[in-house]
Amino acid sequence: MGLSSIGTATEGMQLCIFDLRRGQHEGQELDKILYFFPPDLPFSTQLSVVGLSEGLITFTRIFSPEAACEVIEAERHSHVFYEAEPDIWMVMIVEKSKEPEAIWRIDALREVLKEIHSLFIMFHGSIRALLDKEPGGGLTRAHLYPFIMDYLRACQKLSPLDECCWDFLVGKKLLLPSFCDCLKERRTVQMLTVGREAAIEVQTLVRLLESSAGNAQCSSLILFQDLLVSTTLSPEDTVNLFTYAVLRLTPLALSSGARSWSYLRKGNTSSHVTAGSTLAPSGSVSEQFYGSQDTSPAGDNRYCVVRPLQHDKWSKGKDGFLITDIWGVDAGRSDVTTPIVWLQHTEERMYLCAYQYKSLTLILLIPLSSILNGEQGVSTVKQQLLENASLKILKVEEKLSKGWGGENAYHVSGYRYLIVDGNRDISRASPPAKVTTLTKESFLALNRLREEVDAEKSQSKWDNPGRDKDLEVSIRAKNNAWAIARIIGGKELYMVLEKANETLLYASDAVEKFSNRYCSGAFSLD
């Protein structure tokens, strides 16, 4: 596909997290840096990057005090900003490609930052809360460093040289969303379409699951393969749990780490950023300074840090429940400790119990406050779940399997598409294997179109807050393919037609047919 590998460790990509409230006095500037990637860059370089980012934030606030800085385009680099929490900023700096067409879509890069922060909060709480708990910053850095490094390792791709140099990390690559990912939408869930009878069975199963803990207000997720079947969580918490489940809990994630990162992992079309020595073993100069804890003896053991994104830490037990020692082991009972997550919507800490039967993965979330005797109480809930729901689980899995059309179930011949429902954080797209058949020219045209749509949406957000803007954009690619976007009522449709007729009218008619047949007319202009 003509993908571009860019730069070295110091030039390819930099990612930093810093707190504007810290390090305001001379000699204390390093205090504001909470995380920096690559971690082995000299402190002077890290301070230079953070100082430039802070200056850009301050400067842009003069002209737009109400709107946070989102991106600064320099001659050689793009600076992507995200204010994760008040005065806590995440900044990603990527080197621009030498190709005439942009390979990065800025909104897609910002979604990476949002995903890191949302997953971090789910497991560790807010960054500000950690700073308040230990003002020195060591506790926060001890959590951020291994978490983000594990996240980046999840997106890691081995270079061809690794077969003979497997013990060197210098040749590793990081995957970042590129123009080839423009028919994917991060931080959305992909739903399984089910018939009426199956839906009724699923609803019954949900009631059985959530009644297993007695009167406790439990929540649940049900997945089939890597697709969401049911959720009783808020949209934001659903996205976070779904992302983690596809990454670490589904049958595909347990059986094949190489394909466990949902749409990021499927296919090999992402652009690569050289990581150089940035994924080196823990104990680097920067890590020792920040006091980050890792599993190596060189790490700082002052803090007990849970690392939920570690590879190969989940397995299926004999009773069907998924187990991990990431959260530790109950010394008294020699059992692994049940994982705990934090829900943003209810601001509750919840036990996470995951059960798996064939292609079906069930996640039950139980409030900590409802379990008075800890692990023993969780074991009781698990036993009750098996007694109440085992037969229904078998029946639901059987029905869903019979109705499942396989990996290409949502393929529509002649179309390569992405549908996004931003109000519900749901997306559906052409199967990855079908998307990879598109030419580079088609990808670049759609990527450019999505950049234009992103700009229109961003402008509309400030001009008419709270109102969705309807929009239609069509671009003719160099290979005569059509790249089309339609946004109506908060729903978005992106499409590539490579075998379309010469006229725009033909392409528009093809979109109408798709909308009427597969989207109940949601994107029709009539």
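When Glu441, Glu456, Glu451 are screened for being of a type in the set (Asp, Glu), within 13 Å of Cys180 (Cβ to Cβ) and not assigned by the TED database to the domain that holds Phe224, only Glu441 passes. Of the candidates Phe18, Phe59, the single residue that is in the same structural domain as Ile127 (by the TED database), part of a strand (DSSP E or B) and either open to solvent by 40 Å² or more (accessible area, probe 1.4 Å) or at pLDDT 95 or above (or both) is Phe18.
Take Ala485 and tell me if it is among the aliphatic types (A, V, I, L, M), open to solvent by less than 10 Å² (accessible area, probe 1.4 Å) and either in contact (Cβ under 8 Å) with a residue 12 or more places away in the chain or in contact with a Lys or Arg (Cβ under 7 Å, 6 or more places away or on another chain) (or both). The answer is yes for Ala485. Examine the range 355-370 for a residue that is out of contact with any Ser or Thr (no Cβ under 6 Å at 6 or more places or on another chain), hydrophobic (A, V, I, L, M, F, W, C) and free of Cβ contacts under 8 Å to residues at least 24 places away in the same chain, and state whether such a residue exists. Checked the range 355-370: no residue is out of contact with any Ser or Thr (no Cβ under 6 Å at 6 or more places or on another chain), hydrophobic (A, V, I, L, M, F, W, C) and free of Cβ contacts under 8 Å to residues at least 24 places away in the same chain. With respect to the stated conditions, Asp470 fails to be open to solvent by less than 80 Å² (accessible area, probe 1.4 Å) and either in the same structural domain as Leu505 (by the TED database) or touching a Ser or Thr at 6+ places or on another chain (Cβ under 9 Å) (or both). Of the residues Asn516, Asn501, the single one that is at pLDDT 90 or above, out of contact with any helix residue (DSSP H, G or I) (no Cβ under 6 Å at 6 or more places or on another chain) and polar (S, T, N, Q) is Asn516. Scanning the range 412-443 for residues that are free of Cβ contacts under 8 Å to residues at least 60 places away in the same chain, crowded, with 18+ Cβ neighbours inside 10 Å and out of contact with any His (no Cβ under 7 Å at 6 or more places or on another chain) yields one hit, Ser442. The single condition from (1) buried (at least 16 other Cβ atoms within 10 Å of the Cβ); (2) out of contact with any helix residue (DSSP H, G or I) (no Cβ under 8 Å at 6 or more places or on another chain); (3) not aliphatic (A, V, I, L, M) that Ser390 fails is (1). Summed over the range 343-354, the residues that are out of contact with any Ser or Thr (no Cβ under 9 Å at 6 or more places or on another chain) and at pLDDT 95 or above give a count of 0.
The values are calculated or read from the model by the stated rules, or taken from the named source; none is laboratory data. As the structure is a computational prediction, the values presented were derived from the model and not from experiment. Note that each Cβ is placed from the backbone with ideal geometry, even for glycine, and that neighbours are counted across all protein chains shown. Surface accessibility is based on the protein's heavy atoms, side chains included, excluding ligands, DNA and RNA. Shrake-Rupley method; radii C 1.70, N 1.55, O 1.52, S 1.80 Å.
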